[in-house]
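Everything below concerns the one structure shown next.
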Amino acid sequence: MPSENELSEEAARLHSRLSALGWPMETCRLYAPLTLEINRLKKEKNAVILAHSYQTPDIIYGVADFTGDSYGLSLQAKKTSANTIIFSGVRFMAETAKILNPDKRVYVPSLEAGCSLADAISAKDLRELKRKHPGAPVVCYVNTSAEVKAESDVCCTSANAAKIIKSFPEKEIIFVPDEFMAKNLERETGKKLISWSARCVVHQDFDRGKIQAVKERFPGIKVLAHSECPPAVAQAADMVGGTTDMERYVKGSDAPSFMLVTECGLSDRLRSENSGKEFVGMCSLCPYMKKNSLSQILELLQKPAKEKEITIPASVAAKAKKALDRMFELS
Ligand code: 13P
Ligand code: SF4
């Protein structure tokens, strides 16, 4: 049992990060026993917690060892010395960590943490697309299953997609599965991308009209859109890119205010880490990312459920790893 002193210190630590997001001390005090226990078990079991920026702030500031985008977290997964990885993100991210660490145990807190993009295309679909476009190199977005990665020449994330696509001499390239991202990348790279009809349930619904209204109301505001947004939204933004591109832009910009056209978790993170900068609301919650919770993370550390452990057949993992290794080489 933690002492009264330990609980007060933990509550103060949480409050120092979460007060900017409106969390009162009383709430931090309620969470303190849970975060203390998770952090204690993490050490005891030699586990690391990787959290995507779209996770809730109690996970990010309470228990995560590393927070970032899917590319940054895959690099962390590659170099961790922990025996166990708890990937507080969605399933395809945990699968990526497992492919890079076949000998470690990798878990995802919620069985419902899927992704509308990853769930929209199967390896069979991709094989059919390849048959229709022989000779076209295949680039898959990291938001895909291990089986789809295994059918691809190279994987990419929002942080390196344009660079990887441009590295191919071919004019025509298969890029799956996000159709909006493919359109945005066609504009950026000048390549013809053969894609799939999949969309991110969060980013597909952002509206160009709202961006224009906000720009009129807040002079000098910078609008940053994730590359999964519809092309009309991307074209109205000052910057289009991945989660880390947006983070970097905000840190390096003198603009007085920002609108992040993406999942709310990133706006929360940047609001908490960039005091003095104003963030104008235009975000939406990812129903999959938000399925993870501190209590599920605690359960994984206390008594890991077999079905939450990521397993990938060795033959699939070996092929998928080639696509990931090529991404690291080209990034
Ligand atoms: P990032 O690669 O920018 O982390 O994005 C992953 C994702 O799922 C965006 O919706
Ligand atoms: Fe998938 Fe969109 Fe959620 Fe990202 S935000 S995990 S792309 S559904």
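Of the conditions (1) at pLDDT 95 or above; (2) of a type in the set (S, T, N, Q); (3) out of contact with any Gly (no Cβ under 9 Å at 6 or more places or on another chain), residue 35 clears all except one; give me its number. Of the numbered conditions (1) at pLDDT 95 or above; (2) of a type in the set (S, T, N, Q); (3) out of contact with any Gly (no Cβ under 9 Å at 6 or more places or on another chain), the odd one out for residue 35 is (3).
Taking the stretch 57-88 as the search range and keeping residues that are within 11 Å of ligand 1 (Cβ to nearest atom) and within 21 Å of residue 14 (Cα to Cα), which one is surrounded by the fewest Cβ atoms within 10 Å (Cβ to Cβ)?
Only one residue fits best here, namely 68.
Quick one: in the stretch 252-280, which of the residues that are among the basic types (Lys, Arg) and either closer than 26 Å to residue 200 by Cα or within 18 Å of the chain's Cα centre (by Cα) (or both) is farthest from ligand 1 (Cβ to nearest atom)? Checked the stretch 252-280; the qualifying residue farthest from ligand 1 (Cβ to nearest atom) is 271. Contact annotation: residue pairs with Cβ atoms under 9 Å, 6 or more positions apart or on different chains, pairing a residue in the stretch 106-132 that is over 15 Å from residue 149 (Cα atoms) and of a type in the set (Phe, Trp, Tyr) with a partner that is in a strand (DSSP E or B) and within 15 Å of ligand 1 (Cβ to nearest atom), are 107/87.
If the condition is being surrounded by fewer than 24 Cβ atoms within 10 Å (Cβ to Cβ) and of a type in the set (A, V, I, L, M, F, W, C), then the stretch 225-234 contributes only 232.
Restricting the stretch 189-205 to residues that are within 23 Å of the chain's Cα centre (by Cα), assigned to a loop (DSSP other than H, G, I, E, B) and away from ligand 1 (no atom under 12 Å from the Cβ) leaves a set whose member that is farthest from residue 141 (Cα to Cα) is 197. Pairing residues of the stretch 72-98 that are acidic (Asp, Glu) with residues that are more than 13 Å from ligand 1 (Cβ to nearest atom) and part of a helix (DSSP H, G or I), at Cβ distances under 9 Å and at least 6 apart in sequence or on separate chains, gives 95/146; 95/149; 95/317; 95/320. When residue 156 is tested against the conditions (1) under 18 Å from residue 127 (Cα atoms); (2) surrounded by 18 or more Cβ atoms within 10 Å (Cβ to Cβ), the lone failure is (1). For the stretch 191-208, the set of residues classified as without any contact (Cβ under 8 Å) to a residue 40 or more places away in the chain, surrounded by 19 or more Cβ atoms within 10 Å (Cβ to Cβ) and within 16 Å of ligand 2 (Cβ to nearest atom) consists of 195 only. Of the helices (runs of 4 or more DSSP H) that lie entirely inside the stretch 57-128, those containing 1 or more residues that are within 13 Å of ligand 2 (Cβ to nearest atom) span 70-79, 91-100. Condition check: within 30 Å of residue 310 (Cβ to Cβ), more than 15 Å from ligand 1 (Cβ to nearest atom) and not aliphatic (A, V, I, L, M). Does residue 145 satisfy that? So residue 145 fails the test. Considering the conditions (1) buried (at least 22 other Cβ atoms within 10 Å of the Cβ); (2) assigned to a helix (DSSP H, G or I); (3) not charged (D, E, K, R), residue 51 is excluded by exactly one of them, (2). For the stretch 145-161, a residue qualifies if it is among the small types (Gly, Ala, Ser), outside any helix (DSSP H, G or I), within 15 Å of ligand 2 (Cβ to nearest atom) and in contact with a Leu (Cβ under 8 Å, 6 or more places away or on another chain), but none of them does.
Here residue 11 does not qualify as in contact (Cβ under 8 Å) with a residue 60 or more places away in the chain and among the small types (Gly, Ala, Ser). Restricting attention to the stretch 6-48, the residues that are crowded, with 18+ Cβ neighbours inside 10 Å and in contact with a strand residue (DSSP E or B) (Cβ under 9 Å, 6 or more places away or on another chain) add up to 4.
Hey, among the residues in the stretch 270-292 that are hydroxyl-bearing (Ser, Thr, Tyr) and either within 16 Å of ligand 2 (Cβ to nearest atom) or in a strand (DSSP E or B) (or both), which one's farthest from residue 19 (Cα to Cα)?
Residue satisfying both the conditions and the ranking: 288.
The requirement of being part of a helix (DSSP H, G or I) and at pLDDT 95 or above is fulfilled nowhere in the stretch 240-247; no residue meets it. When 174, 164, 211 are checked against the criterion of being touching a residue at least 40 places away in the same chain (Cβ under 8 Å), away from ligand 1 (no atom under 16 Å from the Cβ) and in a helix (DSSP H, G or I), a single residue qualifies: 211.
The values are calculated or read from the model by the stated rules, or taken from the named source; none is laboratory data. Quick caveat: nothing in here was measured; it's all calculated off a predicted structure. Cβ atoms come from the backbone with ideal geometry, glycine included; neighbour counts cover every protein chain shown.
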